[in-house]
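The values are calculated or read from the model by the stated rules, or taken from the named source; none is laboratory data. Computed from a predicted model, the values in this text were never measured in an experiment. Cβ placement follows ideal geometry from the backbone for every residue including glycine, while neighbour counts extend to all protein chains displayed. These accessible areas exclude ligands, DNA and RNA; they are computed on the full protein's heavy atoms, side chains included. Shrake-Rupley method; radii C 1.70, N 1.55, O 1.52, S 1.80 Å.
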Amino acid sequence: MWRSTRKLIVLCAVGTMALAGCGLQSGSAVPLSVEPGSIKPMPGLEGAELTVGSKDFTEQIVLGYILEFALSAAGADVRDLTNISGSNSTRQAMIAGQVDVSYEYTGTGWINYQGNETPITDATEQFDAVRDGDKKNGIVWVNPAPMDNTYALAMNQATAAQTGVKTLSDYAALVARDPAAASLCVETEFNSRQDGFPGLAATYGFDPNAVPRQILQTGIIYQATADGSQCKFGEVFTTDGRIKGLDLVVLEDDKNFFPRYNATVVIRSSIAEKYPQIAEITAPISAALTNDEITELNKQVDVDGREPADVARDWMVKEGFVTVGSD
């Protein structure tokens, strides 16, 4: 379904090694054209060569295109490196200088990249902490959005009625009395991340090994949970449009385990210093990215079948940030 202008991104295994020479391509052209709206060409940014990256799931790709259209309208020469496989690969691409700007989540930065085990429940305090902690890594965090794409567990309406589960504490009790009824579909990262299943089990006091689990791709989990045959519960992201589209029920995190995952613009420090206009341009965009807004954009892709680039540009036009160019 991707446009022919997109390039396949091939990644070698990365840990702390740089990605140079690993096959991560320099990117392709921005897939759709835009003209200035409220975002005008900015002196000092015109002609600047900037690469925008994103992870490989719908919301990240949409956010990546939003950044691309914003920077293009401001006059930058933007390269598209969205759809990188995995959080760690995207992070390493930025550290290695292959990505200049992207949207990242505060909880991911704090726990996965900076190695902290305890999340900060206040969104502002979490942003401040992850921003300050990443200075030594050459990454600048600016303009956190109100949208908070944290983890959750969900179930279909039939499972909700059969089990009576409403909260994660209820789920823990279900694991204790009937583990098979608590079967769970998760993706690889959630299964091993401290802010995912292991930490969830520890916080809510159930044996993680007692839960029958299937490891599935993120996109498959939603349908599998809706069907209820492969798994009774599934890992979801709270701003995913498929929750509404498939009529899933999200369990309440009654012990506030899951961290805050506010989407935030991250920029390599050398780029942020050279082009402070990026922070200025993206501030009103982040402010407009509420949970309701991003959930609707995700739904348009994952439920309605629209292209992420089209969805991102239409939203930017609707908000007045850009106007439609000649494709």
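The charge dipole of the range 198-293, taken about its Cα centre with unit charges on the Cβ of Lys, Arg, Asp and Glu (plus for the first two, minus for the last two), comes to roughly 280 debye.
Stick to Cα atoms and the Kirkwood definition of Rh, then tell me Rg/Rh for the range 242-317. In the range 242-317, Rg relative to Rh is 1.07.
Whole number in Å², please: accessible area per residue of the chain, 1.4 Å probe, ligands, DNA and RNA not counted. Spelled out: the 1.4 Å probe surface of the chain, per residue, equals 40 Å².
The residues packed around VAL142, meaning those with a beta-carbon under 14 Å from its beta-carbon, carry a net charge of -4 if Lys and Arg are +1 and Asp and Glu are -1. Between helix 277-288 and the chain there is an angle of about 40 degrees, using the helix long axis and the longest principal axis of the Cα atoms. Against the compact-protein benchmark of 2.2 N^0.38 Å, the Cα-based radius of gyration of the range 43-156 scales to 1.12. Measure nothing fancy, just the Cα-based angle from helix 168-177's long axis to the longest principal axis of the chain, in degrees from 0 to 90, nearest 10. Tilt relative to the chain: about 40 degrees.
The convex hull around the C-alpha trace of the range 128-203, projected and averaged over every direction, spans 7.2 square nanometres.
Once C-alpha pairs closer than 8 Å and six or more residues apart are averaged by separation and normalised to the residue number of the chain, the relative contact order reads 26 percent.
Using 1/(1 + (r/R0)^6) with R0 = 45 angstrom and r between the beta carbons of ASP227 and LYS318, what's the FRET efficiency to the nearest 0.05? My answer for the efficiency is 0.85. Between (i) -0.28, -0.37, -0.47, -0.58; (ii) -0.32, -0.41, -0.52, -0.64; (iii) -0.25, -0.32, -0.42, -0.52, which entry matches log10 I(q)/I(0) by the Debye sum over Cα atoms at q = 0.07, 0.08, 0.09, 0.10 Å⁻¹ as derived from the coordinates of this structure? The calculated read-out lines up with (i). Note the angle between two axes, namely the Cα long axis of helix 308-318 and the longest principal axis of the Cα atoms of the chain, as a number of degrees from 0 to 90, rounded to the nearest 10. Between helix and principal axis, roughly 70 degrees. Only helical runs count toward this figure. For the chain, summing -39,500 (n - 2.57) over DSSP H runs of n ≥ 4 and dividing by all residues gives -10500 deg cm²/dmol at 222 nm.
Once backbone amide H atoms are built at 1.01 Å from N, ILE139 has SER269 as its partners under 5 Å, excluding neighbours fewer than 5 places away on the same chain. Between the beta carbons of GLN157 and SER85, assuming R0 = 35 Å, the FRET efficiency works out to 0.55 to the nearest 0.05. Calculated FRET efficiency, GLN217 to ASP254, Cβ-Cβ distance, R0 = 41 Å: about 0.90 to the nearest 0.05.
Pairs spanning more than 21 Å between alpha-carbon atoms, out of LYS166/LYS255; LYS40/LYS318; LYS166/LYS232; LYS166/LYS244; LYS255/LYS299: LYS255/LYS299. With kT/(6 pi eta Rh) evaluated at 20 °C and eta = 1.002 mPa s, and Rh the Kirkwood radius from Cα pairs, the range 193-300 diffuses with a coefficient of 128 µm²/s according to Stokes-Einstein. The Cα atoms of the range 233-276 define a convex hull whose projected area, averaged across directions, is 5.2 nm².
Rounded to a whole number, what % of the accessible area of the chain do carbon and sulfur atoms account for, probe 1.4 Å? Before the final figure, lay out each step's value.
Numbers: 6450 of 13240 Å².
With neighbouring chains kept in place, the figure for the chain is 49 percent.
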